[in-house]
Amino acid sequence: MTATETATLGGGCFWCTEAAFKELDGVESVTSGYAGGDTEDPTYEEVCSGDTGHAEVVQVEYDTEKLSYEDVLKVFFTVHDPTQLNRQGPDVGTQYRSIVLYHDDDQKEIVQRFLRELDAEGAYDGDEIVTEVEPLEEFYEAEEYHQDYYEKNPNDQYCSIQAEPKVQKVREKFGEKVTQ
């Protein structure tokens, strides 16, 4: 039986993050949703208002035989810019913030160490990493039309401009871990 773990990450629009993670061998599922806020079971429109405190996030369920939590973090910190406060590219607001919502103390320790290492390396040209690290309180699955959005809407201009480069980056930088 396959052992799986779940990571919950927010790095801008969930369509883009979801598409990037679906490229990886070992990813069992990616679910777009909302977390990190106060409103119970919010709608997309409520989250977009910026008033719920939630971020657009993905939950990545992965096979621990093929991917480690560190692998997931490496991809996450490659496909988004963790130095942009409350935004990613054209998407602006707290709902697009960089956030890692850990599931247990092990994940918390790993992500904190990972961030210290990125800082020590000067990984982003010395720019400050503003990624929030918080415990996952509750994950709310986004509406069905947000799930697999990139796959279902290959001609969507936003996906072509924003998601496609992230997918290509995963293929280029993590080729040995990409589903063949």
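Things worth noting here:
- Anisotropy class of segment 131-173 from Cα gyration tensor, a/c 1.5 cut: oblate
- Each DSSP beta bridge with both residues in segment 1-154 is either parallel or antiparallel, and the antiparallel ones are about 85%.
- For Asp25, nonlocal amide neighbours, meaning residues 5 or more places apart or on other chains whose placed amide H falls under 5 Å from its own, are Val178, Thr179.
- Two-site label geometry, Glu117 and Asp41: point separation in nm, points 7 Å out along Cα→Cβ: 4.1 nm
- Listed residue (Phe21, Ala35, Thr52) projecting farthest to the positive dipole end of the chain, Cβ model: Phe21
- Nonlocal amide H pairs with Thr4, under 5 Å, H built at 1.01 Å: Thr64
- Shape call, segment 68-135: gyration tensor on alpha carbons, a/c limit 1.5: oblate
- Segment 1-133, relative contact order [Cα under 8 Å, separation at least 6], %: 30 percent
- Built from the Cα atoms of segment 60-180, the convex hull projects on average onto 8.8 nm², one quarter of its surface area.
- Rounded if a/c under 1.5, otherwise prolate or oblate - segment 27-95, Cα gyration tensor axes: oblate
- Cβ-based charge dipole, segment 30-129, positive-most Cα from Tyr69, Ala120, Gln95: Ala120
- Given a 1.4 Å probe and the protein chains as shown, Glu121 ends up with an accessible area of around 130 Å².
- Gain in span if fully extended, Glu28 to Asp125, counting 0.36 nm per residue against the direct Cα distance: 31.6 nm
- Gyration tensor (Cα) of segment 1-116, equivalent ellipsoid semi-axes in angstrom: 23, 15, 14
- Computed FRET value (nearest 0.05) for Ala3 with Glu109, which takes r as the C-beta separation and R₀ as 30 Å: 0.95
- Distance between modelled label sites at Val92 and Ser49, nm, 7 Å Cα→Cβ extension: 2.1 nm
- Cβ-based charge dipole, segment 88-180, positive-most Cα from Ala142, Cys159, Gln107: Cys159
- Computed E for Glu144/Ser68 - FRET, C-beta separation, R0 41 angstrom, nearest 0.05: 0.85
- Rolling a 1.4 Å probe over the protein heavy atoms gives segment 62-180 an accessible area of 56 Å² per residue.
- Just the protein heavy atoms count here, and of the accessible area of the chain at 1.4 Å, carbon and sulfur take up 41 percent.
The values are calculated or read from the model by the stated rules, or taken from the named source; none is laboratory data. A quick note: this is a predicted structure, and the numbers were derived from the prediction, not measured. Positions of Cβ are backbone-derived with ideal geometry, glycine not excepted, and every protein chain shown enters the neighbour counts. Surface accessibility is based on the protein's heavy atoms, side chains included, excluding ligands, DNA and RNA. Shrake-Rupley method; radii C 1.70, N 1.55, O 1.52, S 1.80 Å.
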